[in-house]
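The values are calculated or read from the model by the stated rules, or taken from the named source; none is laboratory data. Note that the coordinates shown come from a computational prediction; the quantities given were computed from them, not determined experimentally. Here the Cβ positions follow ideal geometry from the backbone for every residue, glycine too, while neighbour counts run over all protein chains shown.
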Amino acid sequence: MGSSEIKNFGILGYPVGHSLSPHMYRAAFDAAGYPNYNYISLPVQSGKLYFAVEGLKGLEFRGANVTIPHKTMVLNFLDGVDADALIIGAVNTIVNDGGILTGYNTDVYGFLASLKEADFLPEDSHAVILGAGGAARAVLWGLCKKRAEFVTIGARNPQKAQKLANDFLSYGQVEGFDWHSDEFKEMLQSADILINTTPLGMYPNVDDMPPVDLKLLPEGVLVYDIIYNPAETKLLRTAREMGFPTLNGLPMLLLQGVESYRLFTGEFPDTDIMAQTLEKILAAND
Ligand code: NAP
């Protein structure tokens, strides 16, 4: 480990100035003895994505992360896409091997690894997901991969919840509901884990929370909010005060980054340094 070779990395998104990724990867590169590995924010407007992705080849970037709003569109501009990313329909990591760009989705790795850290076994569980957007797709695929017994999706738009469920029907038992419906409330009563994938409660709207009656959940259910800013959302605070175990989105953010680093370099990073860097920045934002 350690090298004086120059390698460039970045994160494609719009807007992307708020991203924690440059801090996290730079800290990991420094710790590994790669002072000449650069990681920068790459703001790319939607109509320019093709040129930006081609530019990764021209500029000989070794890799890049991809964030909102490009995670789905970018699939069209890559030379190959790994199986997880193809099923999820979203790429958050690109590796450039001599001009061949391959897309990966490490959110699913980050999600499953975070469950391990919380000692939650998804196998044979009944998982309830709130929201039916991009992050929900990665979470749902992770649960299907691990053979959750049943996955219930609740969203404000029942058509979107049902569409997401239908997309994954060949991988597991999944149903989508309006989260205000009686059927959904009944499903909450047999949940083993509740996972919020909506932005409700995310900074600066910290007084928001998904409209779920936590009193319906059985005792001991893990309440997981993939939001990491603030560290404790209103949903998690309410759940904790009611005695439920809780988990925030920081481990998922960290662990997707750990897996992307491994794909970029073929090595495992110093996870503690990456975690400390994220925590320090988020604490300064409070
Ligand atoms: P997305 O694709 O826009 O999906 C958001 C979902 O939340 C959609 O189902 C959307 O419903 C719903 N939603 C949005 N605003 C809502 C509101 N006011 N009331 C009710 N439902 C609402 O976003 P995403 O990429 O999935 O990201 C969602 C969240 O996950 C963000 O907070 C993001 O920071 C977080 N995230 C965390 C990690 C991590 O590593 N911890 C990774 C990825 C994402 P409609 O379709 O009806 O609009």
Quick one: would you say LEU250 is buried (at least 20 other Cβ atoms within 10 Å of the Cβ), within 11 Å of the ligand (Cβ to nearest atom) and aliphatic (A, V, I, L, M)?
no
Matching option when the condition is buried (at least 16 other Cβ atoms within 10 Å of the Cβ), over 29 Å from HIS18 (Cβ atoms) and away from the ligand (no atom under 16 Å from the Cβ), among PHE244, PHE264, PHE184
PHE244
Filter pass, GLU123 being of a type outside the set (Gly, Ala, Ser), surrounded by fewer than 22 Cβ atoms within 10 Å (Cβ to Cβ) and over 24 Å from LEU188 (Cβ atoms):
no
Can you find a residue in the range 58-71 that is part of a helix (DSSP H, G or I) and out of contact with any Cys (no Cβ under 8 Å at 6 or more places or on another chain)?
yes
Any idea which of ALA85, ALA52, ALA113 is among the small types (Gly, Ala, Ser), within 19 Å of GLN256 (Cβ to Cβ), away from the ligand (no atom under 13 Å from the Cβ) and in a helix (DSSP H, G or I)?
ALA85
In the set ALA165, ALA132, which member is within 13 Å of the ligand (Cβ to nearest atom), without any contact (Cβ under 8 Å) to a residue 24 or more places away in the chain and buried (at least 21 other Cβ atoms within 10 Å of the Cβ)?
ALA165
Considering the range 88-110, residues that are part of a helix (DSSP H, G or I) and closer than 17 Å to ASP167 by Cβ, and then whichever is farthest from the chain's Cα centre (by Cα), we arrive at ILE88
Extreme residue, modelled with the lowest pLDDT, among residues of the range 29-49 that are in a helix (DSSP H, G or I) and closer than 26 Å to PRO69 by Cβ:
SER46
